[in-house]
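One structure is given here, and the rest of the page talks about it.
The values are calculated or read from the model by the stated rules, or taken from the named source; none is laboratory data. In this text the structure is predicted, and so the values were computed from the model without any measurement. All Cβ positions, even for glycine, are placed from backbone atoms using ideal geometry, and neighbour counts span all protein chains on display. Note: areas computed on protein heavy atoms with side chains; ligands, DNA, RNA excluded. Shrake-Rupley method; radii C 1.70, N 1.55, O 1.52, S 1.80 Å.
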Amino acid sequence: MKKPNLIYIVSLFLLLGSCSVKQQSGTAVQEFEHGAVVTAHPIASNVGVDILKKGGNAIDAAIAVKFALAVVYPNAGNLGGGGFLVYRGKDGEVNSLDFREKAPGAASRDMYLDKDGNPITDLSLYGQLASGVPGSVAGMDEAHKKYGSISWKELVQPAIDLAAKGFEITDQQAGEFNRYKARFQKFNPNGAAIIQDKEWKAGDVFVQKELSETLIRIAEQGRDGFYKGKTADYIVTEMKRGNGIISHKDLEDYQAVWRAPIVGMYKNYKVISMPPPSSGGVALMALLQSVEKYPLAKWGFQKDSTVRAMVEAERRIYADRATHLGDPDFYRVPVANLMDAKFNQERMSKVSLAKATPSDAVKAAKFPGYESEQTTHYSIVDKDGNAVSLTTTINGSYGSCVWVDGAGFLLNNEMDDFSVKPGTPNMYGLLGGKANSIEPGKRMLSAMTPTIIEENGKLKMVVGTPGGSTIITSVFQTILNVLEFGMTAQESVSAARFHHQWKPDVIDVEAKAIDSLTRVSLTEDGYKLNKRGPIGRVENIVILPNGKKQTGADHRGDDKAAGY
Ligand code: GLY
């Protein structure tokens, strides 16, 4: 594909020698006979495995993990946010649950613009006005009603204990708690459990009394313990303390929704992922279709042509995303057109891999009839083969930075995931338009991509990640790492990553992604590379032919696999 030049020939020659060398993994491969849980925090992973060992199924474990993460992983685990769950039952039933936050009833299209029509971005990022109506508790309640097998109280109890008795924080957490202190103080003048006079250090015990009381109300009253009564009063009072607009009615009206998942084929693998209001499943499917005809396995992992094919696909799919994706309850999303394999492959067949296509020359596809970081993921498989892939978020790290006074949990800043103004990038640099404009009761577009893969009718992989706009491309790479490049689950998440999202027109690269000679070759042909820190924190479970669950927990964080 690539025109031959001296540097390219030298790079090929040098790289051929390392063809068979596998990516270094961050931690050793782990395999479990029965059930496995991979989350962003060791305590949460253990909570999930305890539930599985007690006879709970993957959904039971997912609920217990969700509440545990709200305690032990406050920068993304949450009661005050939302998320998506993709499910595959042991006999092949697939389903997906949307518990994404919604714009409050008093929200309006221009609520984050000043009188001259310019975005006041801080308003959608910090403080009470940044929050959408939380969906997490309603989501867990729905999941339990449909698939739960052990009592709700038993599933919330581990989180209550962790909040009431406290847990030892990790080194990474201590650093973050200290770095965010000034911001936490600014948005929580009445204090919060996370704010203390002395510096946090690894091993300190973090107790959250108010949060434990909120969790007790949820354990005893189910969703009403959050959306009505004392907790709802605390939320509405917190709104009035700042400039927030979430009302009692918004809370009472909130409903999680079961949606038909995105289901498509990549070669002979069935891909099951999240439909809109996440862009994740549609974009992932379109990316896989776009690269399907290229000999990626032959070219090799992060080799020159592989990177070019993936980046050119990403550039086009993210342009489509910006125009066509939004909440399907408000906007007719052309899902079938966006996931049309023939369309995606024909489009790619006209793309030259010899030179970068400038992003300015790439426009979203036109379909007749249409107008137009901090998140966390976990993967669970139980002993029977039921699988849950769940991504949940309060959007930025520590969300809006507002802890609901009296109730002890953080509120999201998910309103920033709307297109605040067409052409104005959000905190992830993503653009959007009418499809994702703010409307009361609408869900903001997401990139979360909880995904399950099936091979010949059998469960093959359960994968997902946080990372804002990079979520889709991280899941895309992890899937290819296993299916095309033969990596183990651990290697697939440890492998260095890169990312392109149409605009800005750069390939973000982790320090170890794409070897230096390939970088030179790409740069010569018009690709702009931007070095950046860690991309994503992927959690992956791969089911081996012998039925064992091989796990991959991302070493970029404190993430841990557990199982039995
Ligand atoms: N808040 C990140 C996402 O939903 O994509």
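What are the residues in the range 446-460 that are over 15 Å from G81 (Cβ atoms) and open to solvent by less than 10 Å² (accessible area, probe 1.4 Å), if any?
Listed by number, the residues that qualify are T449, T451, I452, I453.
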Given the criterion at positive phi and more than 16 Å from the ligand (Cβ to nearest atom), identify the matching residue among N481, N456. N456
Per the filter on the range 99-124, residues open to solvent by 40 Å² or more (accessible area, probe 1.4 Å), among the hydroxyl-bearing types (S, T, Y) and in contact with a Ser or Thr (Cβ under 9 Å, 6 or more places away or on another chain) are T121
Only one of (1) away from the ligand (no atom under 16 Å from the Cβ); (2) within 20 Å of the chain's Cα centre (by Cα); (3) within 29 Å of L125 (Cα to Cα) is not met by Q490, so which one is it? (3)
Give me the residue from the range 313-356 that is of a type in the set (S, T, N, Q) and over 21 Å from the mean Cα position of the chain (by Cα) and, out of that set, surrounded by the most Cβ atoms within 10 Å (Cβ to Cβ). N344
Give the residue that is farthest from the ligand (Cβ to nearest atom), with candidates limited to residues of the range 374-400 that are under 28 Å from N546 (Cα atoms) and among the polar types (S, T, N, Q). N386
Residue under question is D204, and the condition is that it be open to solvent by less than 70 Å² (accessible area, probe 1.4 Å), over 30 Å from M111 (Cα atoms) and of a type outside the set (A, V, I, L, M, F, W, C); does it hold? yes
Output for the range 531-550, where each listed residue is within 26 Å of T393 (Cα to Cα) and either hydroxyl-bearing (S, T, Y) or surrounded by fewer than 22 Cβ atoms within 10 Å (Cβ to Cβ) (or both): K531, R532, G533, P534
Single residue of the range 509-532 satisfying the filter (more than 13 Å from R308 (Cα to Cα) and in a strand (DSSP E or B)) that is nearest to the chain's Cα centre (by Cα): V509
Please identify the pairs in which a residue from the range 428-444 that is on the phi < 0 side of the Ramachandran plot and more than 14 Å from the ligand (Cβ to nearest atom) has its Cβ atom under 7 Å from the Cβ atom of a residue that is open to solvent by 20 Å² or more (accessible area, probe 1.4 Å) and acidic (D, E), counting only partners at least 6 apart or on another chain. K434/E371
Within the range 244-259, is even one residue within 16 Å of the ligand (Cβ to nearest atom) and within 19 Å of E314 (Cβ to Cβ)? no
Residues satisfying the stated conditions in the range 106-124, i.e. of a type in the set (K, R) and more than 16 Å from G244 (Cα to Cα): K115
Selection from the range 401-427 of residues away from the ligand (no atom under 14 Å from the Cβ) and among the acidic types (D, E) yields D405
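Here's the yes/no breakdown for (1) aliphatic (A, V, I, L, M); (2) touching a strand residue (DSSP E or B) at 6+ places or on another chain (Cβ under 6 Å); (3) at pLDDT 95 or above:
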position	(1), (2), (3)
E346	no, no, yes
S372	no, no, no
T393	no, yes, yes
M415	yes, no, yes
Is there a residue in the range 494-505 that is at pLDDT below 95 and open to solvent by less than 40 Å² (accessible area, probe 1.4 Å)? no
